[in-house]
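The values are calculated or read from the model by the stated rules, or taken from the named source; none is laboratory data. This one's a predicted model, so the numbers in the text were calculated from it and none came from an experiment. When we count neighbours, we look across all protein chains shown, and the Cβ atoms used for this are built from the backbone with ideal geometry, even at glycine.
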There are 2 protein chains.
Amino acid sequence: MTTIRDVAKKAGVSVATVSRFLNSTGYVSQEAAEAVSAAVAELKYELNPVARSLNTKKSNLIGLILPDITNPFFPELARAVEDIALTYGYTVILCNSDEKPEKEKNYIETLKKKYIAGFIVTSNQSDAPHYANANLPIVALDRIINEKIPTISSNNKEGASLGTKALLDRGCKNILFLRGPEDLNPANDRYEGFMETIQQVDANYHVVSCPFHFADSQKIVEQMLRDHPEIDGIFASSDVSAAGALKAAALLGIAVPEKLQIVGFDGVALGEMLTPGLTTVAQDVYKMGAIATRVLIKRIENQEIDHQFYEVPVKLVLRGTTRSGIE
Amino acid sequence: MTTIRDVAKKAGVSVATVSRFLNSTGYVSQEAAEAVSAAVAELKYELNPVARSLNTKKSNLIGLILPDITNPFFPELARAVEDIALTYGYTVILCNSDEKPEKEKNYIETLKKKYIAGFIVTSNQSDAPHYANANLPIVALDRIINEKIPTISSNNKEGASLGTKALLDRGCKNILFLRGPEDLNPANDRYEGFMETIQQVDANYHVVSCPFHFADSQKIVEQMLRDHPEIDGIFASSDVSAAGALKAAALLGIAVPEKLQIVGFDGVALGEMLTPGLTTVAQDVYKMGAIATRVLIKRIENQEIDHQFYEVPVKLVLRGTTRSGIE
DNA sequence: CTGAAAGCGCTTACAG
DNA sequence: CTGAAAGCGCTTACAG
């Protein structure tokens, strides 16, 4: 392994000068710069990041803490984070928290010892002291942790409004809203968006809490559809729940979209594979991850960030679970 | 930050003794051990992994190189790797390669500088010198890289045989096999399993190459179904392709499973969400990831490993795209 | 069984 | 503008 000493020797300067040149910190004469540059090229020298970390107490590691990579929302997020991180020379460490504060805390502690540069976090711990006290650059994704931590999120409220209108515009008069878990910020924003929109018009509606889980959603919807045969539209707060709703309709022999129209939320790949294809409010998950990463890196590198709160637009994707014509 | 010096001072011994105690290497008297142990507890001392790495040229980082975490096969794999790694005190770095040797090579190089402990790799580069020459513990997943690298894989051939028989047993006489990409080991093993099984019986069959991609599969199947209306069974080498087939059937108005039965391969969550639910040959992806991680860690820690090749059993999951009774 | 000392490969005041 | 030297926090022969 060739070290900074070898370079210094070859270039006829001290290691201090080489270090200054490499980090573009402090003055280096033109002459010295050229000599060092040549030596680096000739020896194919590459700086040892571990040795550097030990000195600077910083690394180019980014921690990505999310509940569970297995949840279809997160792979694309992880992909975006990794892509952008790579661009800036950072490396990402994957941390599945299962939403457990213990696991989150644990990761923060062990990675701090590795001089991790910062964290991107998706968590429900609305008041999470381990983040607030981490004393490290952190960016929150999808869910606000506290006002000091920059947050990137979809425009959930507007999205919910869009989805609701899609159903109303297509003639639905009795809408079932599948509300997500009540301790989830985005789910609550969607709920608000639905409520504001539905209450402005003359339509009946039901709201039911429903986890973002396929089989559970299916059961809940099946029961609702049995008890309330007048329901002619379902707006689910997630695509997985919407898939459950679609399955329930199929089992009960209710024609979609003729008798019942369904709209989901998320825009995951699953949607197009269903039959009929799922109309949904699509989030730009990749973009969320990309922005989060850029903001985090700015924080790490002590650059100014534009906002404390970034809202990424959503868009309605029309497919087969809604009728084509607007009435 | 409390260092090994502080501990040594408090315990009244040298840092060398503390280090020996901490690493259980070399002799430490009972007396010294107790003093150090007490000092560690009192000071809440925790070893600095970066400083250690610089000396030992090892870390507890594991690199997970996979084509794309966005592909539904990989999240569960990543989850398993992370879970097991955590158990043994390792941390995992996520690397999306897009199957590009350049990116793979790049990751290997930059992570080697960080003294990465080893890699778990899923790659199609059947002859990948950058792995063979990495001079690091590596375990291959799903796809054999070379005979020196331990490999974990599903029993693809037997799985394909299972899937084929499922169709045959339920009366299919004209089977379409959607073969995966020809440069993919697992896809080829599945092809072999299909061929061996189908050729033992009196049945017609077609084989068509088909990427593991929803829309492409749908188109290919639609065409085949048009050209060969006698097809009464489809065996797809992946669930995503099977989903495409199911969609194609729906568009053509072919009743599944009455007129056409479909079997997939993978066992991803998508399968149960489709209507009808997808019968599939399920891989135990989590188990594959878990075994791969354990084998890698054994290699890293210089323990003997039992085999060079681990084959994880698959199982047939029967759902709605096949008929219930065996004829 | 133990400690002094060198070393891992860098960075960073500081003096010149 | 530059170099000698100390230091980051550990590990590891080596001598005793």
| request: Could you grab me the full set of residues in the range B:7-19 that are within 30 Å of B:K113 (Cα to Cα) and surrounded by fewer than 17 Cβ atoms within 10 Å (Cβ to Cβ)? | output: B:V15, B:A16
| request: Collect the residues in the range B:30-54 that are more than 14 Å from chain A (Cβ to nearest Cβ) and either surrounded by 14 or more Cβ atoms within 10 Å (Cβ to Cβ) or more than 8 Å from DNA strand C (Cβ to nearest atom) (or both), keeping them in residue-number order. | output: B:A32, B:A33, B:E34, B:A35, B:V36, B:S37, B:A38, B:A39, B:V40, B:A41, B:E42, B:L43
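Go through the range B:20-29 residue by residue and tally those that are within 7 Å of DNA strand C (Cβ to nearest atom) and surrounded by fewer than 13 Cβ atoms within 10 Å (Cβ to Cβ).
Kept after step one, since they are within 7 Å of DNA strand C (Cβ to nearest atom), are these residues of the range B:20-29: B:20, B:26-29.
Keeping just the survivors that are surrounded by fewer than 13 Cβ atoms within 10 Å (Cβ to Cβ) gives B:26-27, B:29.
Residues meeting the conditions: 3.
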| Selected residue (criterion: surrounded by the fewest Cβ atoms within 10 Å (Cβ to Cβ)) from residues of the range B:63-84 that are of a type in the set (V, I, T) and more than 10 Å from chain A (Cβ to nearest Cβ) | B:I84
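Taking the residues in the range A:244-271 that are within 21 Å of the chain's Cα centre (by Cα) and within 26 Å of B:K219 (Cα to Cα) as candidates, determine which candidate is surrounded by the most Cβ atoms within 10 Å (Cβ to Cβ).
A:G264
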| Of the conditions (1) facing chain A (nearest Cβ under 7 Å); (2) among the basic types (K, R); (3) within 19 Å of the chain's Cα centre (by Cα), B:K114 fails just one. Which one is it? | (3)
| field | Sole exception among (1) farther than 24 Å from A:T151 by Cα; (2) part of a loop (DSSP other than H, G, I, E, B) for A:A249, by number | value | (2)
| Conditions (1) within 14 Å of chain B (Cβ to nearest Cβ); (2) part of a helix (DSSP H, G or I); (3) in contact (Cβ under 8 Å) with a residue 40 or more places away in the chain; (4) not hydroxyl-bearing (S, T, Y); number of the one not met by A:A243 | (3)
| request: Write out, first by first residue and then by second, each pair whose Cβ atoms fall under 7 Å of each other, whose residues are 6+ apart or on separate chains, and whose first residue, in the range A:67-93, is touching a residue at least 24 places away in the same chain (Cβ under 8 Å) and assigned by TED's automatic domain parsing to the domain that holds A:P186 while the second is buried (at least 22 other Cβ atoms within 10 Å of the Cβ) and assigned to a helix (DSSP H, G or I). | output: none
| task | Tell me which residues, restricted to the range B:165-186, are at pLDDT below 95 and in a helix (DSSP H, G or I). | result | B:N185, B:P186
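So which strands (runs of 3 or more DSSP E) stay within the range A:267-327 end to end and still have 1 or more residues that are away from every other protein chain (no Cβ under 14 Å), at pLDDT 95 or above and farther than 30 Å from B:G271 by Cβ?
Numbers: elements: A:279-282, A:309-312, A:315-317.
The strands (runs of 3 or more DSSP E) meeting that bar are A:309-312.
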